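Following: one structure in structure tokens, then a few remarks.
The values are calculated or read from the model by the stated rules, or taken from the named source; none is laboratory data. All figures in this text were calculated on a predicted structure; none of them were measured in a lab. Cβ placement follows ideal geometry from the backbone for every residue including glycine, while neighbour counts extend to all protein chains displayed. Please note that ligands, DNA and RNA were not included when accessible areas were found on the heavy atoms of the full protein model with its side chains. Shrake-Rupley method; radii C 1.70, N 1.55, O 1.52, S 1.80 Å.
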Amino acid sequence: MDHRYDYVVLGSGIAGLTFALNVAGKGSVAVITKKNRAESNTNYAQGGIACVTSDEDTFDLHVRDTLEAGAGLCREEVVRGIVEEGPARVSELIELGMSFCERENGTGHELDLGKEGGHSKRRILHAKDITGREIEKALLAALARHPNVAIFENHAAIDLITRRKLGFTTENRCVGVYVLDVAAGRVEIVAAGHVLLATGGCGKVYLYTTNPDIATGDGVAMAYRAGVPVANMEFIQFHPTCLFHPGAKSFLISEAVRGEGGVLRNAAGQTFMDGVHPLKSLAPRDIVARAIDREIKRSGQPCVYLDITHQSREFLQQRFPAIYSKCLECGIDMATQPIPVVPAAHYQCGGVVTTPQGRTSLPGLWAVGEVACTGLHGANRLASNSLLEALVVAHRAALAVQKEPKPSRQDDIPEWESGPAQDADELVVIYHNWREIRQLMWDYVGIVRTTKRLQRAASRLHSLGAEVQEYYWNYKMTVDLVELRNLVLIASLIVDCALSRHESRGLHYTLDYPKPNLSRPPRDTILQG
Ligand SMILES: Cc1cc2nc3c(=O)[nH]c(=O)nc-3n(C[C@H](O)[C@H](O)[C@H](O)COP(=O)(O)OP(=O)(O)OC[C@H]3O[C@@H](n4cnc5c(N)ncnc54)[C@H](O)[C@@H]3O)c2cc1C
């Protein structure tokens, strides 16, 4: 691995790959990614990208829907900018080879637009229910044509290297990153003019999640340790409908199923969303997730059901091929049977504080995608706005980074030092702590919170943090250890943000303050290490 690049991109989801593509002509680029290059939250996105493309839709409506979901914490100018730039960025994606589903309209073809919770119009561009996989494929194929870009799979970023950490007192700047080569078990120094965090979200901090294993909040943890502000981590979106089946690890039943008329029912077959929200089963996700949580607790049943049996088998096979076959694999015929579902942690609305161009407070460090908090989502993300945000902000960051003066080289970066011990018996500590964090976050910091439960979580996380810290510096570096250290920090950031919000707003719902605080303007919760 060459150790010096103009641009180092951490993560190969939509944010990292879009940025890499847009800087590839301007300098050397390394894309560092924890597993194989396609493995990312992006790869599992089903519903699609929210974007105004139809004559029946307007930017104003998309802005209004986003602000409404965000419950007073969106930054309107950021929302408008991203919504209005969407069509241009989506067109570029199509030029790269991405193809979205179309349908006949009598005179020819038009985009087949899906509808999801909280959207007042059909505006979701999709590739059946495998939109994310197709986006990854298109971006990776385009990137493969660039000789300037090297992709390093199975390499995990551990920590950012800053001038302050190196002991300098003037001009703090991010100058690179320590990276674990997982196969070799070696930590390398990668020096860079600019580092982009595109490491995605943190669903794995919860016991039940729709996210794949890579989603351990590494980017937020690294930024926080480097002293960069992090905001609004209490706003974790729980997707209301994750397939409830022992054989289906983290499999999402897309909101688009409800967009096509799917109705939520309890075990007795009764609908329970009618009195909850005017949009019923298509209400915003937080409202649906809380209603399901309530229904599960009330009935004592382990799940509720999503019923789309009014649609024909042909339609379901055509529109939702991945969901249809996954359900069949689990013995559920969605054309004739309701699908058992439960809520699961899905999306991190907060993150590393950035400008709408992806710039963080630390010169040389940028953050884009789920890792970042631009002000688009506020207290609750509107469905399918995340792929849009990643696409738009990655493009902007790539333009902005090229206007920066060329940074001077940092030559004197010390080697990483880690402990020599590797006692197989002790590995049990890592797995035990992993499980404990995820279980306690699910039990104490889930969909419905209380101050007492949050305090209990805080106290346990405090001791877990100390234990992990001691272990971390004594033992040889492994990816599990890197992730465990990050997970315990992420869990603490979520709890601290939640404890300091004395109100219920958007995705943060606490029985101790069940209403929004209307006595002052809504505020972000900001933490800085
Ligand atoms: C099941 C599912 C369905 C979804 N459906 C939709 C949808 O329909 N529409 C929508 O808008 N959004 C959807 N989302 C959310 C959306 O997919 C994500 O928010 C978005 O893809 C995030 O993109 P990203 O590039 O920021 O991060 P990701 O796509 O998650 O990529 C993160 C990358 O960082 C790498 N990485 C992480 N840590 C490290 C490290 N320490 N070192 C090196 N590399 C690292 C990972 O390996 C990965 O390559 C869905 C999410 C899930 C899980």
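Rounded to the nearest whole Å², what accessible area per residue is found for the range 16-135 with the 1.4 Å probe?
On a per-residue basis, 41 Å².
How big is the dipole moment of the range 236-355 about its Cα centre under a simple scheme where the beta carbon of each Lys and Arg is +1, that of each Asp and Glu is -1, and everything else is neutral? Debye, nearest 20, please.
In debye, rounded to 20, the range 236-355 gives about 220.
Report Rg(Cα)/(2.2 N^0.38 Å) for the chain, keeping two decimals. Walk me through the numbers on the way to the answer.
Working: Rg = 22.4 Å, N = 529, 2.2 N^0.38 = 23.8 Å.
Its radius of gyration relative to the 2.2 N^0.38 Å reference: 0.94.
Cross-link candidates for residue 34: which aspartates and glutamates have Cα within less than 18 Å, leaving aside residues fewer than 8 places away along the same chain?
The qualifying aspartates and glutamates are 2, 136, 153, 159, 181, 188, 213, 218, 370, 480, 483.
Out of 11, 434, 299, whose Cα points farthest toward the positive end of the dipole of the chain (charges: +1 Lys, Arg; -1 Asp, Glu; placed on Cβ)?
Of the options given, the answer is 299.
Label-point separation (nm) for residue 77 and residue 299, each offset 7 Å from Cα along Cα-to-Cβ?
Modelled inter-label distance: 4.8 nm.
Lysine pairs in the range 122-264 8 or more apart or on different chains: how many have alpha carbons under 24 angstrom apart?
Lysine pairs, 8 or more places apart or on different chains, close enough: 4.
Provide the percentage of antiparallel DSSP beta bridges, counting only those with both residues in the chain; round to the nearest 5. Numbers along the way, then the final one.
Working: 40 of 62 bridges.
Around 65 percent of the beta bridges assigned by DSSP in the chain are antiparallel ones.
Leaving out ligands, DNA and RNA, and with a 1.4 Å probe, what % of the accessible surface on the chain is carbon or sulfur?
Carbon and sulfur atoms account for 51 percent of the accessible area of the chain.
Sequence gap at least 6, Cα distance under 8 Å: using those rules, report the relative contact order of the range 158-213 to the nearest whole percent.
Normalised by residue count, the contact order of the range 158-213 is 23 percent.
Would you work out if the range 297-445 is rounded, prolate or oblate? Take a ≥ b ≥ c from the square roots of the eigenvalues of the alpha-carbon gyration tensor; rounded if a/c is under 1.5, else prolate when a/b is larger than b/c, oblate otherwise. Intermediate values should be presented prior to the final figure.
Numbers: a/c = 2.49, a/b = 1.46, b/c = 1.70.
It is oblate, given that a/c is not under 1.5 and a/b is not larger than b/c.
What net charge do the residues around residue 79 carry, taking every other residue with its C-beta under 12 Å from that of residue 79, with Lys and Arg at +1 and Asp and Glu at -1?
-4
Can you give the local net charge around residue 210? Use residues other than it whose beta-carbon is closer than 11 angstrom to its beta-carbon, Lys and Arg +1, Asp and Glu -1.
Net of charged neighbours comes to +2.
Net charge around residue 226, counting only other residues with Cβ within less than 13 Å of its Cβ (Lys, Arg = +1; Asp, Glu = -1)?
Details: positive: 163, 164, 165, 173, 225; negative: 159, 218.
Around residue 226, the charge tally is +3.
For residue 403, list the lysines whose Cα falls under 19 Å from its own Cα; do not include residues on the same chain fewer than 8 positions away.
26
When a/c is below 1.5 the answer is rounded, else prolate if a/b is larger than b/c, else oblate, so apply that to the range 362-423 with a ≥ b ≥ c taken from the square roots of the Cα gyration tensor eigenvalues.
oblate
How about the range 143-242: which GluC sites (Glu not before Pro) there lie in a loop by DSSP and see at most 11 other Cβ atoms within 10 Å? Please list the in-between numbers first.
Values: sites: 153, 171, 188, 234; in loops: 153, 171, 234.
In loop regions of the range 143-242 (DSSP not H, G, I, E or B), the sparsely surrounded GluC sites (Glu not before Pro) are 171.
Using the heavy atoms of the protein chains alone and a 1.4 angstrom probe, what is the accessible area of the range 311-402 per residue in square angstrom?
25
Express the relative contact order of the chain as a whole percentage, based on alpha carbon pairs under 8 Å and six or more residues apart in sequence.
Relative contact order comes out at 21 percent.
Treating cross-link reach as a plain straight distance, find the lysines whose alpha-carbon is under 19 Å from the alpha-carbon of residue 121, omitting any fewer than eight places away in the same chain.
280
Just by accessible area at a 1.4 angstrom probe, what is the order of 471, 305 from largest to smallest?
305, 471
Classify the range 50-177: rounded, prolate or oblate, from the alpha-carbon gyration tensor (a ≥ b ≥ c, eigenvalue square roots; a/c under 1.5 rounded; otherwise prolate if a/b is larger than b/c)?
Oblate, since a/c reaches 1.5 and b/c is not below a/b.
For the chain, what does the helix formula give at 222 nm: sum of -39500 (n - 2.57) over DSSP H segments with n ≥ 4, over the residue count, nearest 500 deg cm²/dmol? Don't jump to the answer; show the numbers that get you there.
Details: 13 runs with 183 residues, N = 529.
For the chain, the value works out to -11000 deg cm²/dmol.
By how many nm would the segment from residue 426 to residue 103 grow when fully extended, if each residue of separation counts as 0.36 nm and the alpha-carbon distance is taken off? Let's see the in-between values first.
Working: separation 323, 0.36 × 323 = 116.28 nm, distance 5.72 nm.
Computed gain between residue 426 and residue 103 is 110.6 nm.
Jot down the per residue volume, in cubic angstrom and as a whole number, of the convex hull over the alpha-carbon atoms of the range 297-336.
84
With +1 on each Lys and Arg Cβ and -1 on each Asp and Glu Cβ, how big is the dipole of the chain about its Cα centre, in debye rounded to the nearest 20?
Dipole magnitude for the chain comes out near 940 debye.
For the range 47-135, run through the GluC sites (Glu not before Pro) and keep only the ones in DSSP coil with at most 15 other Cβ atoms within 10 Å of their Cβ. Before the final figure, lay out each step's value.
Numbers: sites: 56, 68, 76, 77, 84, 85, 92, 95, 102, 104, 110, 116, 134; in loops: 56, 116.
Sites meeting the loop and neighbour criteria: 56.
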